[in-house]
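The values are calculated or read from the model by the stated rules, or taken from the named source; none is laboratory data. Predicted model only: the values in this text are computed from it and were never measured. Backbone-built Cβ (ideal geometry, glycine too); neighbour counts: all protein chains shown. All accessible areas refer to the heavy atoms of the entire protein, side chains included, with ligands and DNA or RNA removed. Shrake-Rupley method; radii C 1.70, N 1.55, O 1.52, S 1.80 Å.
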Amino acid sequence: MKNFKTFGIAFIALFMAFACEKSAENIDQYLSDDELKSSKFGSSGDKMITVPFKSHFYTEPAEVVPDLDCGIGFVRNTQVGGGEATHLGEFTTTMVFCMDTTKGLQGFWPYSFKEIGSFVAANGDELNFEIVSGTVWAYSPGDNPSYIAYFDDEFTFISGTGRFEDATGGGHTNSFTNFVHTDHNWTGTLTLPKGPK
């Protein structure tokens, strides 16, 4: 009986070692082609994956004041709001940018970010972003009476905290405003560590 128990334990140990070796050899077969093509190893050795990013949120001005640091004829516009996005869930946001008011009569308002913007998830993780420069364009009220202007500029993700540490990616803003309320539908891609941080 003792020999049978010893043999059984040895057999189970040999089987487990073989199973672990096979799963390590064939791990790629369990990843889809898209995951393999879009994955890479980050500097820390963590596996990174690129996924679609979609959001729907709003912002409203918290403060709009003249700012000589932005330039003569510019205002500093601080926007706050919130909404939902893939990989964030519900979030709040703050963004601060400089806006050129001198072109308004010509139907457009150039702007650039004064500070890095952030999306803050419910658990406190932050996904940071910026827009180097962009333009708010006049929008025909006949198209939608709720809005008088729109902007569709490139944004870039620039790291963050928690599960968004080392995140990269970006996309387009696709935003509509009446200068009191702005509706945003930002879309693009997000590259972040695969699995929990």
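Structure summary
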| item | result |
| --- | --- |
| Subset of region 143-179 (residues that are within 17 Å of residue 127 (Cβ to Cβ) and among the acidic types (Asp, Glu)) | 154, 165, 166 |
| Conditions (1) closer than 20 Å to residue 55 by Cβ; (2) of a type in the set (Gly, Ala, Ser); (3) modelled with pLDDT under 95; number of the one not met by residue 107 | (1) |
| Test for residue 176: is it buried (at least 16 other Cβ atoms within 10 Å of the Cβ) and either among the β-branched types (Val, Ile, Thr) or within 19 Å of residue 52 (Cα to Cα) (or both) | no |
| Any hit, region 149-168, residues being of a type in the set (Phe, Trp, Tyr) and assigned to a helix (DSSP H, G or I) | yes |
| Hey, residue 130 open to solvent by 30 Å² or more (accessible area, probe 1.4 Å) and within 14 Å of the chain's Cα centre (by Cα) or not | yes |
| Close pairs from region 112-124: first in contact (Cβ under 8 Å) with a residue 40 or more places away in the chain and β-branched (Val, Ile, Thr), partner open to solvent by less than 40 Å² (accessible area, probe 1.4 Å) and outside any strand (DSSP E or B), Cβ under 8 Å, at least 6 apart | none |
| Candidates 155, 129, 151 - the one that is touching a His at 6+ places or on another chain (Cβ under 9 Å) and in contact (Cβ under 8 Å) with a residue 24 or more places away in the chain | 155 |
| Residues satisfying the stated conditions in region 89-119, i.e. farther than 14 Å from residue 153 by Cβ, open to solvent by 20 Å² or more (accessible area, probe 1.4 Å) and of a type in the set (A, V, I, L, M, F, W, C) | 105, 116 |
| Of all residues making up region 78-89, the number that are in a strand (DSSP E or B), over 18 Å from residue 136 (Cα atoms) and among the aliphatic types (A, V, I, L, M) | 1 |
| Condition met for residue 75 (over 23 Å from the mean Cα position of the chain (by Cα) and assigned to a strand (DSSP E or B)) | yes |
| Among residues of region 169-196, those that are farther than 25 Å from residue 62 by Cα and in a loop (DSSP other than H, G, I, E, B), counted | 3 |
